[in-house]
Amino acid sequence: MPARVKDRIRLHLTRPGWVYVAVVLLLGFAAGRNGAVLMFGMFGCLIGAVAYSAISAWRMLRKVEVHRELPERDWQYRTIHVGYYLHNRGRGSVLGLEVAEIAPAGVETAAGYGVSIPAGGGFRAGGRLVARRRGRIELPGIELRTRFPFGLVCGVRRVPAAATIVIWPARGSLRRPLLARGAAQTSSAAPSRASGGQDEFFGLREYRRDDNPRWIHWKRSASSGTLVVRELARARPEVLWIVLDAHPGAPGETMLRFAATLADHAFARGYRVGLAMAGRGGVKLLAPGPGRGRRAEVLDALAQYEAGAGGGLGQTLELLRRRRLSEAQVVVISGEASSARGALPRVTGLTLIDADAMGRAFQDDPAAAGEGPCP
Amino acid sequence: MPVEAYTPAQVVTQARGRLERPLLGMVSLGIAAFCLATGSLVHFVCAALAVGVNLAVMRRQKEVYLHRSIVTAAVIVATIQLIAETVLSNAGEATLLSLQRYLVVIQLCKLFQQKGNRDYVHLMTTSVLLVVSVTLECRQAWLLPLLVAYLALGAYSAMAFTIKRGLDAVLARRLVTEPAPPPPQRVAWNAIHRWPRGLLLKRTAAAALVLGAFGATALVLAPRAGGGGGLGAVPHAISGPGETVSLDSPERLKLSNEVLLRVRPGAGSPVPAYLRGRVFDVYERSRWHAGPRETGPEGFTSQPAPGLPAPRGPRSVEVWMAAGLAPRAYAPATTIALGVARGQALGKSGGEWGLPPESIQANAPHVHYCAWFLPEPVGAYDLGRLVRPLRREEIAARLGRMSSPWAYLRQNASDREKQAMAPALTPAQVRAIGTDEPLGPLRAFQGTPGRLSKPQADAVAAVLADPQYSVAATPLVAQLARQWCQDLLRTPAQPGEAWGDPLAVAQRLRERLTERCRYSTDLTDADPARDGVEDFLFAMKRGHCEYFASALTVMCRSLSIRARLATGFAVPLEEARGGDILVRGRHAHAWTEVYTNDGRWVVVDATPGAGDAAEASWWSQWADRWQGWRFDWQEGLWGLDPAAQARLREWIYDRWSDVRAAASEALSAVGDGLVELTARGQVTRAVLWLGVAAAVLAAAVAALIVARALWRRTATARRVHRRLGRPLRDLRFMTRLLALLRRRRLVRRPGETPRDLLRRASAALGWPAPALTGLVDLYYRLRWGPPGDPPGLPAQLAAAERLVDQLARGPRSQ
């Protein structure tokens, strides 16, 4: 849990500011020693620049409101664009304002920058961030910084603005076509009850405006005297079960990234994807389902996975009914193939992916591959 | 919509001119200050060429630069030269000059280098150091406006550079997952839409004010007691009253506008019409000389102008004098005491005093003194009575080095002066003055002021009988004087006695002089071989003040009327400025002082219309102001010594105490009044004033609010008109529509475009989408479309207004 952010303004000299102050003090000392009155006046002006910088930075930061526009979920090691709406409630303009997230561990940020915000006006600045770890990341607040006007004093204001973002495991690419045939082409089951697909014949209906003329059933149209078109049934999507056996000794992060990549591919191809994995809280089971919501649930579960003695592969598979597995394509991702093989049920369409097979089938994200264990 | 703003944003991030233009101005001003201070024409020409080339190239959106190795080599050569000059030269000023030249060369090199942010920092730093070093040695008045402009330009440049550096940092920021920084235009779109020139100018003005306030405070508080250490420049020779008055060399007259004196009459003292610096008694062969004894026992008496009532008691005048002026005390009358606040003033006889050159070098170019004089025509025996309170109350506190006026007299009076006072003093008293005895014996002399005692009159007669005081008036001049005053003259009873009432005779002569001669500074036809006064009266018949005063004095003396020539300044009352008077070189003047029968020296100014010159042009008025400001600058720069700083602190503290006491008193009065009001129901004066003040304040605040609202409304309309090129009323339909939506609780979200908002409104309120799309299209066309009115705009606007009216009446029925 990140520390709570207090809304306050801090001012500190920048590195050039320290050098500047030291040089100016030396000049003032020299002016005092020599009785150079005008030089002493210049010394006052130069010191005044520091004071003006501090006052100006404090006044600017005091009256700025910031609203953040952040996606709820995103991938690990992908640039996440964050929108900041800066509103200046003060009477004076705000110039040279940086805005960035107060980044917790494992998050790298690039600040947004607003050159000018007139009094009472607003500005949309864009920042970026990259998460180097997966899971639910709490962002405690936003940091506003300015070095305007002279770059001597840096004013920093930390605005409490708690937000959460779920970082999915980094997405790589599949070298081997584990899902070689798309769901639209592999309708092995009965046709679905929904029309509008490209599968088997569903029925006839009247021609409507904007229908493709190629769909017109000319023979029936000629006999009935009105245009009718053919309708084909929508293919029932295939089911993919991803079973994760991430025991403590296994290369867990790579497995998670592989599972997330596989799930993402499957959802993109119209699969109904289910997930079964054993973690610290026991076995987590997500029934197969289609759509963006289920995709988010599956990837969220993978993102928030915590390894632990929650049960082995056998216990996980026991929870899955055999019939379900027999109707689906099952990918078991396991760190140790020898122990996993003994627990596997004898069902068709089951693929075991161990560490070696994963290396052959999965191209990890280059940024993630170069990193160590998840922070 | 944002397509028009996209390109400027991209341009802004790459434009160099926005930073380099003010930076070049800053560099130019810094080098110009150096060149003006040192008179280096070569550096000025080089800098002008370099800056000009850079500006010309910048106009073409290009950059001129040499190969880095060439620039580096030039810098190395300059550094070696600096080191060599530093080693070989022992003088501090020469080293400073070498350092300044080095800084100039570095800046010139940087101007021809391919510049990055670090080079900009180097340019600004070297420029600031150069200007600071110039302020170390130069104290001319022109430096102040130049410094103000430099600070403003420097502040603007620094602000522009800070913004540019921030943008550069954002552009260069690369996250771990990014192979390269994002494209500039993408960052620019999220960082800047247009260059905030107006905002930066406002900030520059505010920064200049703050920096100026800090600089002024530092100037006031700057330690000045440490001495100039040889840095103070001896002011150049300045014009003013000469040491001698000579009518045979008329070309020496110089009328300058330079301010020489600032005069502040003391408390209770009237503004003097004349400041006398020196008096001349002996005239021979067109030249005036000071007599061996300028001030007799009655020499302490003088009167500013005839006809004025003679004030009693000692008077004072405070003078700030340019040290280059002839070193003497300028006062309305003969000085009896002199308080010098600064400088090494050395008193001399006859009210003169001097300033050694070494004291001028080590101190300020101005000398500040307070001259004390007695306006009453009193004899020496009255001094004791008048001086005693003076010494006790004021002189001891203000004069510093002088313990009393008598000490001054004791130190500076010549033996002849002491002897001249002998008829009024006993030998013991004379001895007392001549020794270290206090002035106790003088207290016994209590006489009636304004009348000469018999011994004094005898002494005066003896002085006048001295052949050294004779005035060589030519027979023609003496005859003319007798002819002019024939009806006023009587035969003197004894030699040396006046031929008539001195003042009446002098006035008659003055009138005739002004009728006969006119004022002119053109004396080209003067005859040096002839007596100056005779030549003036009979040949030229024109001249300046010295001719008129000489003629009058000589004519008076030819009639045995005691008169003398005085030089100094005619105080220009029109130059009075808040109690102070600025006296310039052109105010140098000469006049006549006539000794009247009642023992006064009365000023008779015979010069006609000396001040009736042609009306001053605007340029001369500005030149006068500049000279006055220059004098104040020098005085302010030098004059705030520790004592003056202490006085300033005391003054501020006193004013603050006054304000605090007044506030406390007012609050207590109001409190008492409120108590009276609540206890007895009586409205006191304080409560009444409080009510009036509250009402006035409330009215003022209300007026301010109304005025501000009106101003904002018009300012907004003007701004929108300027930005859009069309009046704000054309967009009123959208303003009304947005207000209508706000009433329906549909508020525009951050970052939401008007099109998005109206789409949301259409879905939420069931308003017709095509109509709203038409409104948005019209709005976008007006705001971001090509300039000029689209065809049929009035009809479209009327239709839009009607549509908004319909939506307001029954939006759900649409």
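Any chance the stretch B:484-495 includes a residue that's modelled with pLDDT of 70 or more and aromatic (Phe, Trp, Tyr)? Checking the stretch B:484-495: at least one residue is modelled with pLDDT of 70 or more and aromatic (Phe, Trp, Tyr). A:Arg128 satisfies every condition listed in (1) assigned to a strand (DSSP E or B); (2) more than 9 Å from every other protein chain (Cβ to nearest Cβ) except (2). There is no residue in the stretch A:245-265 that is among the hydrophobic types (A, V, I, L, M, F, W, C), modelled with pLDDT of 90 or more, over 39 Å from the mean Cα position of the chain (by Cα) and outside any loop (DSSP other than H, G, I, E, B). Looking only at residues in the stretch A:17-33 that are under 22 Å from A:Val153 (Cβ atoms) and surrounded by 15 or more Cβ atoms within 10 Å (Cβ to Cβ), the one that is nearest to the other protein chains (Cβ to nearest Cβ) is A:Leu27. Here B:Arg203 fits the description: at the interface with another protein chain (Cβ under 9 Å from one of its Cβ atoms), assigned to a helix (DSSP H, G or I) and in contact (Cβ under 8 Å) with a residue 24 or more places away in the chain. Considering only the stretch B:153-165, I want to know if a residue exists there that is more than 9 Å from every other protein chain (Cβ to nearest Cβ) and more than 29 Å from B:Leu200 (Cα to Cα). Among the residues of the stretch B:153-165, not one is more than 9 Å from every other protein chain (Cβ to nearest Cβ) and more than 29 Å from B:Leu200 (Cα to Cα), which makes the answer no.
Taken together, B:Ala700, B:Ala717, B:Ala795 contain a single residue that is of a type in the set (A, V, I, L, M, F, W, C) and either outside any helix (DSSP H, G or I) or under 23 Å from A:Gly122 (Cβ atoms) (or both), which is B:Ala717. Just one residue in the set B:Leu153, B:Leu99 is touching a residue at least 12 places away in the same chain (Cβ under 8 Å), over 30 Å from A:Ala125 (Cα atoms) and under 38 Å from the mean Cα position of the chain (by Cα); that residue is B:Leu99. Against the condition loosely packed, with under 15 Cβ neighbours inside 10 Å, of a type in the set (Lys, Arg) and either part of a helix (DSSP H, G or I) or out of contact with any strand residue (DSSP E or B) (no Cβ under 7 Å at 6 or more places or on another chain) (or both), how does B:Arg726 come out, does it pass? Answer is no for this residue. Do we find that A:Leu11 is out of contact with any Pro (no Cβ under 8 Å at 6 or more places or on another chain) and either touching a residue at least 40 places away in the same chain (Cβ under 8 Å) or surrounded by fewer than 20 Cβ atoms within 10 Å (Cβ to Cβ) (or both) in this structure? Against the criterion (out of contact with any Pro (no Cβ under 8 Å at 6 or more places or on another chain) and either touching a residue at least 40 places away in the same chain (Cβ under 8 Å) or surrounded by fewer than 20 Cβ atoms within 10 Å (Cβ to Cβ) (or both)), A:Leu11 qualifies. If you filter the stretch A:101-125 down to residues that are assigned to a loop (DSSP other than H, G, I, E, B) and at the interface with chain B (Cβ under 8 Å from one of its Cβ atoms), you find that the one that is surrounded by the fewest Cβ atoms within 10 Å (Cβ to Cβ) is A:Pro118. Each residue in the stretch A:153-176 was checked for being buried (at least 23 other Cβ atoms within 10 Å of the Cβ) and within 12 Å of chain B (Cβ to nearest Cβ), and 2 pass.
Looking at the stretch A:314-375, the helices (runs of 4 or more DSSP H) lying wholly inside it that each contain 3 or more residues that are modelled with pLDDT of 80 or more sit at A:355-361.
Just checking, does the stretch A:129-149 include any residue being in contact (Cβ under 8 Å) with a residue 12 or more places away in the chain and in contact with a Phe, Trp or Tyr (Cβ under 6 Å, 6 or more places away or on another chain)? Checking the stretch A:129-149: not a single residue is in contact (Cβ under 8 Å) with a residue 12 or more places away in the chain and in contact with a Phe, Trp or Tyr (Cβ under 6 Å, 6 or more places away or on another chain). Any residue at all in the stretch B:119-130 that's more than 12 Å from chain A (Cβ to nearest Cβ), closer than 19 Å to B:Tyr156 by Cα and in contact (Cβ under 8 Å) with a residue 60 or more places away in the chain? Yes, the conditions are met somewhere in the stretch B:119-130. Among the residues of the stretch B:214-224, none qualifies, meaning not one is more than 22 Å from the chain's Cα centre (by Cα), facing chain A (nearest Cβ under 7 Å) and at pLDDT 80 or above. For the stretch B:179-198, the criterion of being surrounded by 20 or more Cβ atoms within 10 Å (Cβ to Cβ), part of a helix (DSSP H, G or I), in contact (Cβ under 8 Å) with a residue 40 or more places away in the chain and in contact with a Lys or Arg (Cβ under 6 Å, 6 or more places away or on another chain) is satisfied by no residue at all. Taking residues in the stretch A:150-175 that are closer than 23 Å to A:Met60 by Cα, and partners anywhere that are among the aliphatic types (A, V, I, L, M) and modelled with pLDDT under 90, the pairs with Cβ atoms closer than 6 Å and at least 6 places apart or on different chains are A:Arg158/A:Val5; A:Pro160/A:Val5. Taking the stretch A:54-80 only, how many residues are touching a residue at least 12 places away in the same chain (Cβ under 8 Å) and within 9 Å of chain B (Cβ to nearest Cβ)? Residues flagged as touching a residue at least 12 places away in the same chain (Cβ under 8 Å) and within 9 Å of chain B (Cβ to nearest Cβ) within the stretch A:54-80 amount to 6. Residue count for the stretch A:34-53 satisfying the condition of being over 56 Å from the mean Cα position of the chain (by Cα) and either more than 7 Å from chain B (Cβ to nearest Cβ) or among the aromatic types (Phe, Trp, Tyr) (or both): 1.
The values are calculated or read from the model by the stated rules, or taken from the named source; none is laboratory data. Worth saying up front: this structure is predicted, and the values here are computed from it rather than measured. Using ideal geometry, Cβ is built from the backbone for each residue, glycine included, and neighbour counts are taken over all protein chains shown.
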